[in-house]
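Report on the following structure.
The values are calculated or read from the model by the stated rules, or taken from the named source; none is laboratory data. Small disclaimer: the values here were computed from a predicted structure and weren't measured. Glycine also receives a Cβ, built like all others from the backbone with ideal geometry; neighbour counts cover every protein chain displayed. Ligands, DNA and RNA are stripped out before the accessible areas are found, and what is left, the full protein with its side chains, is counted by its heavy atoms. Shrake-Rupley method; radii C 1.70, N 1.55, O 1.52, S 1.80 Å.
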Amino acid sequence: MPIPFAFENSYARLPQRFHARVAPTPVAAPRLIRFNTELAHELGIDPALFSGPEGAALAVGNRLPEGAEPIAMAYAGHQFGHFVPQLGDGRALLIGEVRDRAGRLRDIHLKGSGPTPFSRRGDGRAALGPVLREYVVSEAMHALGIPATRALAAAVTGEPVFRETPLPGAVLMRVASSHVRVGTFQYFAARGDMGAVETLVGYVVARHYPDLQGASEPGLALLEAVADRQAALIARWMLIGFIHGVMNTDNMSICGETIDFGPCAFMEAYDPATVFSAIDEGGRYAYANQPPIAQWNIARFAETLLPLIDPDEERAIARASEVVSGFRGRFEAHWLDGIRAKLGLSSAEEDDLDLATDWLAALHQGGADFTLAFRALGSAQEAAGDGDAALRGLFGETTALDAWLPRWRARIARDPVSAAERANAMRRANPLFIPRNHRIEQAIAAAVETSDFTPFDTLTNVLTRPYDEQPEHAGHAAPARPAERVCRTFCGT
Ligand code: AMP
Ligand code: MG
């Protein structure tokens, strides 16, 4: 007898106006594409539940596990700077929460499971391509050590979805620490429903920030804690070359997990102005804009909490503003810690920030691949011999690199670890494999056009060990050749 899901469903217990109760809409011919056995074990879910036709039915929502209470969550959000008072789960459902082996509550979510009262003009469905992209990238983020929602299962529906052309439909079973967003707070604050905002603060504190329980000023304490987790998260994105692409407030998770992998992409040649998303015409969500945009989103979050921070509005604004302006400093501290590790520095010196920014300027000047340049730096500690040949080969123009390398070598000479230890530490801080855009597109094309899931499986497998040399998959480490380059990505809608 497979162990059933031990659902707790705390969000479904919140007042009615937090969600709409709605069942998934069954699909014609579900077929499982991939199941994440390791994640199932972590969640205490028996993988056997997902085998055979019954398992495929479970993965798309045709069959609900006992104890599931599917709900569409209500939320609002600023999309590209414009406030939309009602968004909500229009093509997704929270089917329940399970407690994982570590005792943490995790959401089990279906994306692409049919219309809900929040669907507006959408069909409630997802196409196969975006489901595969989210599967690959969210799992890669996790393997890179970056907080992210996870992918438990992906299945095709056997039904077409109609975008510009008919495409195969699919459903993703997603796992998250929760799906509460900045936009969830905005939904209630915009309605003047401060009772609901207070309920949500209590819920989020209990679930994600238990240390704040009993804080004398819960609103302000939560604002600070969320700002810090976001600062840490965005620093990790910047250090890995990740561009989210659609940092609307409804896509900012309150617990500090990366969520919503629509038009996201990884940068190849280092350029702070890089944008991939086809709908981001103004470059609002360009790589270098991510920290200030996160701060902007935190300011929107702060606005929802003002009445809880102080009954006197002016005083509330002053105190919240202090936290919001502190975001930059929090981000820089997290980023500096991370870049030190990537540069092989185990100690801290005053000039490290300059050293780091000049390294990035050298990458920019040389058009070097962001990921590979950091990886190659570890082998370039000694100037003698061919120590830095691999590194130099990544740069088209090396003037800035030539000026920088002696400064770095002088700096690591003052750092108290051996060259071998440093090389090891740098291999753990600088991945060899990232989900490169052209590889994702190739995997999606094979799946959509010829139902060949081999490239998707290979790519997903390689990315579970991003820091390990995998000589048989060396091609997956390489940047796109000019003809393979993918410069535009599209939302999953
Ligand atoms: P996203 O761009 O995925 O963050 O979605 C923004 C909003 O649009 C959310 O409220 C989604 O639920 C909704 N949405 C996106 N795609 C669809 C769809 N195909 N059908 C219904 N609602 C959708
Ligand atoms: Mg979203």
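If I ask for residues that are among the acidic types (Asp, Glu) and under 12 Å from LEU223 (Cβ atoms), which ones from the range 314-336 would you list?
As a first pass, look at the range 314-336 and keep what is among the acidic types (Asp, Glu): 314, 322, 332.
Passing the criteria: only GLU322.
List every residue pair whose Cβ atoms lie under 7 Å apart, where the two residues are 6 or more positions apart in sequence or sit on different chains, the first residue falls within the range 190-215 and is part of a helix (DSSP H, G or I), and the second residue, located anywhere, is open to solvent by 50 Å² or more (accessible area, probe 1.4 Å) and of a type in the set (S, T, N, Q).
Here the result reads VAL205/GLN213; ALA206/GLN213, each pair linking the range 190-215 to a residue that is open to solvent by 50 Å² or more (accessible area, probe 1.4 Å) and of a type in the set (S, T, N, Q).
Filter the range 75-88 for residues that are in contact (Cβ under 8 Å) with a residue 12 or more places away in the chain and more than 10 Å from ligand 1 (Cβ to nearest atom); which is farthest from the chain's Cα centre (by Cα)?
PRO85
Report yes if some residue within the range 482-493 is more than 16 Å from ligand 2 (Cβ to nearest atom), of a type in the set (Val, Ile, Thr) and at pLDDT 95 or above; otherwise report no. It would help to see each step written out before you state the result.
In the first step, residues of the range 482-493 are kept if they are more than 16 Å from ligand 2 (Cβ to nearest atom); the result is 482-488.
Imposing the further condition that a residue be of a type in the set (Val, Ile, Thr) reduces the set to 486.
Subsequent filtering for residues that are at pLDDT 95 or above retains none.
Taking every residue of the range 482-493 in turn, none turns out to be more than 16 Å from ligand 2 (Cβ to nearest atom), of a type in the set (Val, Ile, Thr) and at pLDDT 95 or above.
Please go through the range 81-112 and give me each residue that is aliphatic (A, V, I, L, M) and more than 16 Å from ligand 2 (Cβ to nearest atom), ordered by number. Reasoning before the result, please.
Looking only at the range 81-112, we keep the residues that are aliphatic (A, V, I, L, M), and these are 84, 87, 92-95, 98, 102, 105, 108, 110.
Answer for the range 81-112, where residues must be aliphatic (A, V, I, L, M) and more than 16 Å from ligand 2 (Cβ to nearest atom): ILE95, VAL98, ALA102, LEU105, ILE108.
If only one of THR458, THR464, THR454 is free of Cβ contacts under 8 Å to residues at least 40 places away in the same chain and either within 23 Å of HIS364 (Cα to Cα) or open to solvent by 60 Å² or more (accessible area, probe 1.4 Å) (or both), which one is it?
Values: THR458 fails: either within 23 Å of HIS364 (Cα to Cα) or open to solvent by 60 Å² or more (accessible area, probe 1.4 Å) (or both); THR464 fails: free of Cβ contacts under 8 Å to residues at least 40 places away in the same chain.
When all the criteria are applied, what remains is THR454.
Would you be able to tell me the number of residues in the range 467-493 that are free of Cβ contacts under 8 Å to residues at least 40 places away in the same chain, open to solvent by 50 Å² or more (accessible area, probe 1.4 Å), more than 25 Å from ILE279 (Cα to Cα) and not in a helix (DSSP H, G or I)?
The qualifying residues number 2.
Which condition number in (1) more than 15 Å from the chain's Cα centre (by Cα); (2) part of a strand (DSSP E or B) is the one that VAL175 fails?
The failed condition is (1).
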